[in-house]
Each structure stands twice: as C-alpha cells, then as structure tokens.
Amino acid sequence: MFEYTRMRLMQAREFVATKGLSQYFRERVYVQRKAIAVRKDLAEARFTADLFERGDVRFIEVTPENSFERHGGYVDESRKLKALYYLEQGYRGYALVRGRNIIGDIWYYAPDQAGCARVHPDLYWLGIELGPGQVYEFDIYFTPDERGTGLSAGLQNSAGYSQCQKGYSTAFAYYWADNVPAIWNTRVINKYKEWKHIKVSRCFLYPGSLRLLLRQLNL
C-alpha cells in the first residue's frame, strides 16, 4: 500500500509539473464524462516492424520473468513504480525501448493470467465481463517528447498481434470521447470498433467513485 500511495503522489506531482494544477483537477474530478468502450478482433492486428525500425526502438514483452529492468529504465519515476505495481497485480505489458530508455508502454489483463490478484477494476464501471480468449487493454503511455510519432498506435497494434499469438481472440479497451489522440490511434488507425458509450463521474479516486459516494450518502 505504501508503494502504491508513493506512486500516486509522484504521478500527481509529475502531472502538475507538466500540465498544470487546473488540468490535474479536470482529470480527477468530473461529472458525466463520456467514455467509449471498444473491441477488436485480434486476428486483424499486425506487428509494425518497419515502424519500429524507422523509430529506432525495440518491442519487448514485460512480465515478471522478463522485467523491464533488464532492458532499460523509465524516464518518469512514477511510471516505473506503476509498472512494478501492475506486475505485482498479475498484469502483463509491452514496451518500446530506445537505447536504455523505455519511451512507452501498454498493459493488459486476462482472467487466465497466472498471479492475477483480482479482476481489473475498470471492468466493473465499464460493464465488461471477459469471456474465454478475451483481454482488457489499458493505460497506454508515452513520454511527452515521443508523442505524435505514430509509435503509440504501432505499440497498440503490435501488442494485439502478440496477444493473438498467445491464443487470445478479442481485446476490449476504452478511451474518453474528448481524447483526440486516443480516438485517432485506437479507432481510426487500429480499427477498434465502438461497443458502447458510458457516462461516468469521478471524485479523485477512480471513475465511478462520485456515484458511489452519492449513493452512500443517499443523495
């Protein structure tokens, strides 16, 4: 719990330093924000080897046996702590490495993964129940100076390809309706299909927390 709290505090500090306090509050407190849940047939995913070669990056899988620390380090300390937390929860990920720096990563949850402590909490408020051969992809991140290069979409596509090679058939994910880069990468480039729209409220902790708080107060 201490490491998780430390990670959250460090993440907040880095966010405020780069985007400002007002943007931080907009991301932590909102009412009826629209999220779009999407899905993809993983047989359609492709490994973007040419893109990675042009970008001078390596694609790696992140597991406890193949930890990111063997390949390089995160530029942001909070991202390193988050990756360690995800591995502890039994989640798995993929990352792009340039030299000895991890410049971006993406994570996924599958019910049959060994060591998963619990169902990913996003699935509750998204209303997704994963069946056999299905995964939930989440939290794709790139360092600010690497955004807009196309590598983010390539990482997402290549992650889906790897999941397909492992025997998974369908990936679920979501993006906010006001997140233009996510819409472009996920829906336009990688052809994830809209599944349903959800309006959600948040009060600092996690999406849906405001609704739970009001329900507990009988409001």
Does the stretch 156-174 hold any residues that are within 24 Å of ILE60 (Cβ to Cβ), under 15 Å from the mean Cα position of the chain (by Cα) and not in a helix (DSSP H, G or I), and which are they?
ALA171, PHE172, ALA173
Among the residues of the stretch 41-82, count how many are among the β-branched types (Val, Ile, Thr) and in a loop (DSSP other than H, G, I, E, B).
4
Of (1) surrounded by 17 or more Cβ atoms within 10 Å (Cβ to Cβ); (2) aliphatic (A, V, I, L, M); (3) more than 16 Å from the chain's Cα centre (by Cα), ILE102 fails just (3)
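Here is a list: LEU130, LEU84. Which entry is closer than 24 Å to VAL38 by Cα and touching a residue at least 40 places away in the same chain (Cβ under 8 Å)?
Working: LEU84 fails: closer than 24 Å to VAL38 by Cα.
Checking each option against the conditions leaves just LEU130.
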Conditions (1) open to solvent by 60 Å² or more (accessible area, probe 1.4 Å); (2) under 29 Å from GLY55 (Cβ atoms); (3) over 14 Å from the mean Cα position of the chain (by Cα); number of the one not met by VAL97
(1)
Apart from one, (1) at positive phi; (2) surrounded by 19 or more Cβ atoms within 10 Å (Cβ to Cβ) all hold for ASN157; the odd one out is (1)
Quick one: would you say GLN156 is over 24 Å from LEU81 (Cα atoms) and at pLDDT 95 or above?
no
Considering residues that are open to solvent by less than 50 Å² (accessible area, probe 1.4 Å), within 14 Å of GLN89 (Cα to Cα) and of a type in the set (A, V, I, L, M, F, W, C), the number found within the stretch 110-137 is 2
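I'd like to verify a number: residues in the stretch 165-174 that are closer than 14 Å to LYS40 by Cβ and either open to solvent by 40 Å² or more (accessible area, probe 1.4 Å) or modelled with pLDDT under 95 (or both), how many?
Step one: filter the stretch 165-174 for residues closer than 14 Å to LYS40 by Cβ, giving 168-174.
From what's left, either open to solvent by 40 Å² or more (accessible area, probe 1.4 Å) or modelled with pLDDT under 95 (or both): 169, 174.
Qualifying residue count for the region: 2.
Would you point out the residue of the stretch 47-68, among those that are more than 23 Å from LYS166 (Cα to Cα) and free of Cβ contacts under 8 Å to residues at least 60 places away in the same chain, that is most open to solvent (accessible area, probe 1.4 Å)? Steps first, answer last, please.
Within the stretch 47-68, the first condition is being more than 23 Å from LYS166 (Cα to Cα), and the residues that meet it are 53-56.
Adding the requirement that they be free of Cβ contacts under 8 Å to residues at least 60 places away in the same chain leaves 53-54, 56.
Details: GLU53: 144, ARG54: 178, ASP56: 105 Å².
Only one residue tops the list, namely ARG54.
When you scan the stretch 188-210, do you find a residue that is part of a helix (DSSP H, G or I) and at pLDDT 90 or above, even just one?
There is at least one residue in the stretch 188-210 that is part of a helix (DSSP H, G or I) and at pLDDT 90 or above.
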Set GLY131, GLY104: member being part of a strand (DSSP E or B) and not hydrophobic (A, V, I, L, M, F, W, C):
GLY104
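The values are calculated or read from the model by the stated rules, or taken from the named source; none is laboratory data. Here the structure is a predicted model, which means the values were calculated and not measured. So basically every Cβ, Gly included, is an ideal-geometry build from the backbone, and we count neighbours across all protein chains shown. Surface accessibility is based on the protein's heavy atoms, side chains included, excluding ligands, DNA and RNA. Shrake-Rupley method; radii C 1.70, N 1.55, O 1.52, S 1.80 Å.
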